[in-house]
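The values are calculated or read from the model by the stated rules, or taken from the named source; none is laboratory data. All values derive from a computational prediction rather than experimental measurement. For neighbour counting, all protein chains shown are included, and Cβ atoms are generated from backbone atoms with ideal geometry for every residue, glycine included.
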Amino acid sequence: MATNIELAHATASATLAPKPTAAGVAMRFVRTKPLGAAGAVIILGMLALAVFAELLAPYDPYVGDYGLQFARPSAEHWFGTDEFGRDVLSRIMYGARIALFVGFFASFIGCTLGALLGVVSAFWGGTVDLLLERLMDILLAFPQLILALAIASILGPAVQNVVIAISIPVIPRVARVVRAAAMSVKENVYVEAVQALGASRRRVILQHIIPNVTAPYIIMVTAQLGAAILAEAALSYLGLGAAEPTPSWGLMLSGSAPSYAEKAPWIALFPGIAISLGVFGFNLFGDSLRDALDPKLRKG
Amino acid sequence: MGTYVAKRLLLIVPTLIGAAALVFVIMRVIPGDVALLIFGGEAGGQIDVQFGSWFWGILRFDFGNSLWTGRPVIEEMLVRLPLSLELATAATVVSVIIAIPLGMLAAIRQDSWVDYLVRIVSIGGLAIPSFWVGILCILMLVIFFGWGPPLEFTPPWVDPWANFQMMVWPVLTVGYRYAAVTTRMTRSTLLEVLREDYIRTAWAKGLRERAVVVRHALKNSMLPVITLVGTEFAFLIGGLVVTETVFTLNGVGRFVVDAVAHRDYPVVQALIFLIAFGFVVINLLVDLTYAWFDPRIRYR
């Protein structure tokens, strides 16, 4: 059995142990999760494109040159030009903005609302829980893309409408996961203990429940990010997302791109690569993050 | 088991009524004229009366008439259903054939190059939009073989070869994406099972790898995978919507997109409800299968 002196030493050395720096944590992540690190590099690249699109893009993405329709990829136009003579590379760079904007906002709004409903449902229990659960059941009765399609068709084609259409189907999925996590946290003895000590409901939720459901929340946000970018592309492809002449990746593939496929395959090729690479990055990163945060999947 | 079935059956009734109400409300948000066109003539007046009349119609399989063709929605849908069912079934079969061996391989060689390769291929399948895979398929067929898939749907029992020619690319397109999800699930559930004590016992008994993995681990990790194949039906529907559009297949998925494009709201309303209905029923069947296999579920 450890003596008091030993225990005191243990505590002292624990406090003296160097706290891992952000760089240290990042290096460890790169070493243990090389695929996740590759994903992070792709995300950072996409972010840089979106932020510095004005500086990096060689041409105006909205202005076409009718003398240069369907120009092949060349030194002037690396990815060629489209049917209006617009530079495909510049449109892809600006397209990163739309993809990230929709991806971040749709997954953040959907996951946050879902997480809040999940915590409320788990903590209040009773009728509130029952009603919220039935509401979530109803929303879950619709496949994600179908519900998004229905909402987008009513709201009309615009970027902010796409955010709403994609975020609503996310809510019940996250609510379910967070509710389950919050329920198991609620059962812990320490939560019972702080309640017995007279902690207010607000304090219990803010200080004990929310910090403990952050891991599933972060996992869901990263997982939904890629899915949201993909959903935006699909909706835009179907003509329900961003409207012309917005340089959205999905929109660049819709309508004319397949019909000009034989004459100018680059119009359909490069935006598809951009979508796939972006979503691939988010999925790789999210996957490794889940592996790192979920003790069940750790190797050992 | 009887009580469990009864409970689950009872639970889907409010869900379906709620789903019908939600679809109805979403469709009511549309600007005036169309709403009047759908509901004005027959019921008019109050929203609850309109909903009642629509819901009574649903119970009698009467979903109203298409604004575009003037024919009953149910008739229009039944014409398109065989194609979508064939596509869905074949894609599911293809996905399972690809996914289970790959997922197994990745799990038993966790963190080896095989695992990384399988993960990259499967995360890729999730990242690449299926409509883009479809566009690429058509591009390749047209550019390299000068061949386009036949336009008219021929049922497999009339001319199996013509049917195969038409369906093979859409099936592979949808199947690959679907396989990506199932591969990941097989990998992670098998990883969890491989860490169980009884697997360690099997190893300690000196059993060969094949016996441990196939007879002990795979069998027990298949339950969540079966559930996934069912619940990811949503993916399938989303896949059908875009894939049928890309390959101009006249199935239910494309019917939804066309109806949205034509603002044919009775059709949109009916199809979205019917898709939700199918989704709920499939989820119910999956749950029942799960409970049948795993007694712990029905006693919870």
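Within the stretch A:57-83, the set of residues being in contact (Cβ under 8 Å) with a residue 60 or more places away in the chain and touching a Leu at 6+ places or on another chain (Cβ under 7 Å) comprises A:Phe79 only. Taking the listed residues A:Val162, A:Val177, the one that is farther than 19 Å from B:Phe235 by Cβ and either within 12 Å of another protein chain (Cβ to nearest Cβ) or hydrophobic (A, V, I, L, M, F, W, C) (or both) is A:Val162, with no other qualifying. If you go through the stretch B:266-278 one residue at a time, do you hit one that is out of contact with any His (no Cβ under 8 Å at 6 or more places or on another chain) and not in a helix (DSSP H, G or I)? No, the conditions are met nowhere in the stretch B:266-278. Elements of the type helices (runs of 4 or more DSSP H) sitting completely within the stretch A:185-300 and holding at least 3 residues that are modelled with pLDDT under 85 and either within 9 Å of another protein chain (Cβ to nearest Cβ) or surrounded by 18 or more Cβ atoms within 10 Å (Cβ to Cβ) (or both): these cover A:210-237, A:265-293. Residue count for the stretch B:257-292 under the criterion of being closer than 18 Å to B:Val79 by Cα and facing chain A (nearest Cβ under 7 Å): the result is 4. Report, by residue number, each residue of the stretch B:220-246 that is farther than 17 Å from B:Leu81 by Cβ and of a type in the set (A, V, I, L, M, F, W, C). Passing the criteria: B:Met222, B:Leu223, B:Val225, B:Ile226, B:Leu228, B:Val229, B:Ala234, B:Phe235, B:Val242, B:Val246. Selection of the stretch B:229-255 for residues being under 11 Å from the mean Cα position of the chain (by Cα) and among the β-branched types (Val, Ile, Thr) yields B:Val229, B:Thr231, B:Ile237, B:Val241. When the residues of the stretch B:97-137 are narrowed to those that are away from chain A (no Cβ under 14 Å) and in contact with a Gly (Cβ under 9 Å, 6 or more places away or on another chain), which ends up surrounded by the fewest Cβ atoms within 10 Å (Cβ to Cβ)? Looking at residues that are away from chain A (no Cβ under 14 Å) and in contact with a Gly (Cβ under 9 Å, 6 or more places away or on another chain), I get B:Ile97. Total residues in the stretch B:196-219 satisfying the condition of being surrounded by fewer than 14 Cβ atoms within 10 Å (Cβ to Cβ) and closer than 16 Å to B:Thr186 by Cα: the figure is 3. The selection criterion, being closer than 30 Å to B:Ile275 by Cα, surrounded by fewer than 14 Cβ atoms within 10 Å (Cβ to Cβ) and either touching a residue at least 12 places away in the same chain (Cβ under 8 Å) or within 13 Å of another protein chain (Cβ to nearest Cβ) (or both), does not hold for B:Pro224.
Scan the stretch B:178-189 and give yes if some residue there is under 29 Å from B:Leu87 (Cα atoms), outside any helix (DSSP H, G or I) and within 14 Å of chain A (Cβ to nearest Cβ), otherwise no.
The answer is no, given that none of the residues of the stretch B:178-189 is under 29 Å from B:Leu87 (Cα atoms), outside any helix (DSSP H, G or I) and within 14 Å of chain A (Cβ to nearest Cβ).
Of all the listed residues (A:Phe123, A:Phe105), the sole one being closer than 27 Å to B:Gly239 by Cβ, more than 14 Å from every other protein chain (Cβ to nearest Cβ) and part of a helix (DSSP H, G or I) is A:Phe105. One residue stands out in the stretch A:126-150 among those that are β-branched (Val, Ile, Thr) and facing another protein chain (nearest Cβ under 7 Å): the one that is nearest to the chain's Cα centre (by Cα), namely A:Ile146.
Per the listing B:Glu209, B:Glu232, B:Glu192, the residue uniquely in contact (Cβ under 8 Å) with a residue 24 or more places away in the chain, of a type in the set (D, E, K, R) and under 21 Å from A:Ser276 (Cβ atoms) is B:Glu232. Annotation for the stretch A:163-170: no member residue is part of a loop (DSSP other than H, G, I, E, B) and under 23 Å from A:Pro271 (Cβ atoms).
For the stretch B:44-61, indicate whether the set of residues that are of a type in the set (D, E, K, R), at pLDDT below 90 and outside any helix (DSSP H, G or I) is non-empty.
Looking for residues that are of a type in the set (D, E, K, R), at pLDDT below 90 and outside any helix (DSSP H, G or I), one finds at least one in the stretch B:44-61, hence yes.
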